[in-house]
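Everything on this sheet refers to the single structure shown next.
The values are calculated or read from the model by the stated rules, or taken from the named source; none is laboratory data. Just so it is clear, the structure is predicted and the values come from calculations on it, not from any experiment. Using ideal geometry, Cβ is built from the backbone for each residue, glycine included, and neighbour counts are taken over all protein chains shown.
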Amino acid sequence: MTKKNDPRLQRKFLRAPLKSVCLYVDGEHVFKARVLNISEGGILLSDLPHIPEINSLPLAIDLVIFPRLQTLNLEQLKVLNIEEFPRTIMKTKARMVRTFEGQSNVDRIFVNFIGCEFYNPTSEFKMGVFRYVETFAKNTVYLLSLFESLGNRSEQLELLRTVAHLLGYDRRMKVPLLRAKVLHDYQSLESL
């Protein structure tokens, strides 16, 4: 069996990058972390100022609501600003998948990423995350199709760079490097 077809290396749920913030509660304190990606099953956090001690962690996640970019023309896309996209605060509980047993408090300080699994999420929460991931995946497929149909037209290049920017990529990146980055991110939606 090849690595690609190994079911142990396949995710249960599609995941999508999410450049956002998350608040979490530990005891009587509220902390802020960066969100790197999300799926219906869990979330990847970074820059945690404090590693929580509890197993059931209350979370509040700032989830951006992307439009379907394929349905918009270049002029409509050019006036969009990701900072102005509608957002919703999604609340749930999660448990850390990564454990820190046997590590000292000093060792815990150097942990950069924490993977958390959602714990009994509501159907509304799951549907909100599903819609986010599905829309992000469709927008990524649209961006990849723009690479395939690029040609020499400057308008097509501007459309590609605008869509890439709205999805969080650096619009100034050289096209081959940008394509490689987008393709890598697309492939990592499903695989570990």
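Worth pointing out:
- For segment 22-36, the condition of being in contact with a helix residue (DSSP H, G or I) (Cβ under 9 Å, 6 or more places away or on another chain) and either within 25 Å of ALA137 (Cβ to Cβ) or modelled with pLDDT of 90 or more (or both) holds for none of the residues.
- Apart from one condition, ILE54 fits all of (1) of a type in the set (A, V, I, L, M, F, W, C); (2) at pLDDT 90 or above; (3) farther than 30 Å from SER149 by Cα; the exception is (2).
- Looking only at residues of segment 49-62 that are surrounded by 20 or more Cβ atoms within 10 Å (Cβ to Cβ) and within 19 Å of the chain's Cα centre (by Cα), we find that the one that is farthest from VAL97 (Cα to Cα) is ILE61.
- A Cβ distance below 6 Å, combined with a sequence gap of six or more or placement on separate chains, defines the contacts here; from segment 110-130, residues that are under 9 Å from GLY41 (Cα atoms) and in contact (Cβ under 8 Å) with a residue 24 or more places away in the chain reach residues that are of a type in the set (Lys, Arg) and part of a strand (DSSP E or B) in the pairs GLU117/ARG95; TYR119/LYS93; TYR119/ARG95.
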